[in-house]
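Read through the structure below, which is laid out as structure tokens, and then see the notes.
The values are calculated or read from the model by the stated rules, or taken from the named source; none is laboratory data. Quick caveat: nothing in here was measured; it's all calculated off a predicted structure. Backbone-built Cβ (ideal geometry, glycine too); neighbour counts: all protein chains shown. Accessible surface is based on the protein model in full, side chains and every heavy atom, while ligands, DNA and RNA are left aside. Shrake-Rupley method; radii C 1.70, N 1.55, O 1.52, S 1.80 Å.
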Amino acid sequence: MTNTLFPPIRKAILPVAGLGTRVLPATKAIPKEMLPVFDRPAIQYVVDEALEAGIEHLIFVTGRNKNAIEDYFDRAYELEDTLRMKGKTAILDELEEFLLPAGSCSFVRQQAPNGLGHAVGCARAVIGNEPFAVLLPDVLVMSEPGCLSQMMAAYRETGGNLLAVDRVPMDRVDQYGVVDPAGLGSGRLTPMKGMVEKPKPEAAPSNFRITGRYILQPEIMDLLADQIPGAGGEIQLTDAMARLMQDQIFHAYEFDGISYDCGDKVGYLTATAAFALAHKEWGGAAREALVSEIARRDGITS
Ligand code: G1P
């Protein structure tokens, strides 16, 4: 039976202030979240995942040069008018579908790139005193239902704090937050006894990487407010979570799906191919194009 004791998760923070240095020069003048993953900006997939999970309010933590994100979620009157006059109703309907309900998003500025923990802390006033989700738009998860929906179902059973995890090769753990599991879990849930941001492989407690989807209790905000810089000289969400774990329960949730890290060039390319191949309308054509392009390149290089 579903436990209804835990307060619902209504709000989600999407930190979108990052500079996208690993995908330069593509991100010199365009926010990395606006780079297309096949036919829509990367951020659209993450927003869809949040809405599917029942999120009612999205808080974008933005920075300078990120106005395109705000514009993307607004109406584009001139464009819509032109499409209407030309009778392009299918694409008009699609644009309408992507529009967020009025009043359902807030934009908060992070004034300096001080780290993920600092970015999440910038949303404190909008979050107030309720549990919330965090979705990192660098990471796209292909799954049915979405990763956050899966976590919501688990949260309704466990409450507390929940981190989505998946396994990465040991030689890549130093790029991520890594979970220290406390014994064996049940099913996809594992209780945690620690976590560490960007450990060296020999010091990593596991190869369970924190994938970029979180359900957190509001007390994390107090800890973020006085969190000292950690890995990379940045205020790390992982460090504040590790402190919160002294008082509260944390579970790692091994979701059912595949994650793509769009924060680096090959990860981004892989995501683009994967979402093109999975596209209902264009998947077949995308497959043909990709297979023939690879065959052509092989022909050239062999
Ligand atoms: C952030 C988090 C890290 C997490 C990663 C997922 O790191 O700090 O714990 O594993 O996202 O992509 P960043 O990518 O900002 O270095």
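Do you know which of the residues in segment 179-199 that are open to solvent by 60 Å² or more (accessible area, probe 1.4 Å) and away from the ligand (no atom under 16 Å from the Cβ) is nearest to D166 (Cα to Cα)? Working first, answer last.
Start the filter on segment 179-199 by keeping residues that are open to solvent by 60 Å² or more (accessible area, probe 1.4 Å), which leaves 184, 186-188, 193, 198.
Now drop any that are not away from the ligand (no atom under 16 Å from the Cβ), which leaves 184, 186-188, 193.
On the way: L184: 15, S186: 16, G187: 14, R188: 10, K193: 17 Å.
Here the residue is R188.
For the residues T238, T270, the requirement of being open to solvent by 30 Å² or more (accessible area, probe 1.4 Å), within 18 Å of D166 (Cβ to Cβ) and within 16 Å of the ligand (Cβ to nearest atom) singles out T270. Considering (1) within 16 Å of the ligand (Cβ to nearest atom); (2) loosely packed, with under 15 Cβ neighbours inside 10 Å, the lone condition that E202 does not fulfil carries the number (1).
Whenever a residue of segment 228-246 is farther than 13 Å from V178 by Cβ, it has no partner that is among the hydroxyl-bearing types (S, T, Y) lying with C-beta atoms less than 6 angstrom away and at least six residues away or across chains. Looking across segment 17-67 at every residue that is away from the ligand (no atom under 15 Å from the Cβ) and of a type in the set (K, R), the one that is modelled with the lowest pLDDT is identified as R64.
Do any helices (runs of 4 or more DSSP H) lying entirely in segment 1-87 carry at least 3 residues that are over 20 Å from the mean Cα position of the chain (by Cα), and which ones are they?
Because the criterion is at least 3 residues that are over 20 Å from the mean Cα position of the chain (by Cα), the helices (runs of 4 or more DSSP H) in segment 1-87 that meet it are 77-85.
The helices (runs of 4 or more DSSP H) found entirely in segment 197-286 that carry 2 or more residues being closer than 20 Å to I43 by Cβ and β-branched (V, I, T) are 265-277. Looking across segment 117-168, the residues that are more than 20 Å from L5 (Cβ to Cβ), open to solvent by less than 10 Å² (accessible area, probe 1.4 Å) and assigned to a strand (DSSP E or B) come down to V134, L135, L140, L163, A164, V165.
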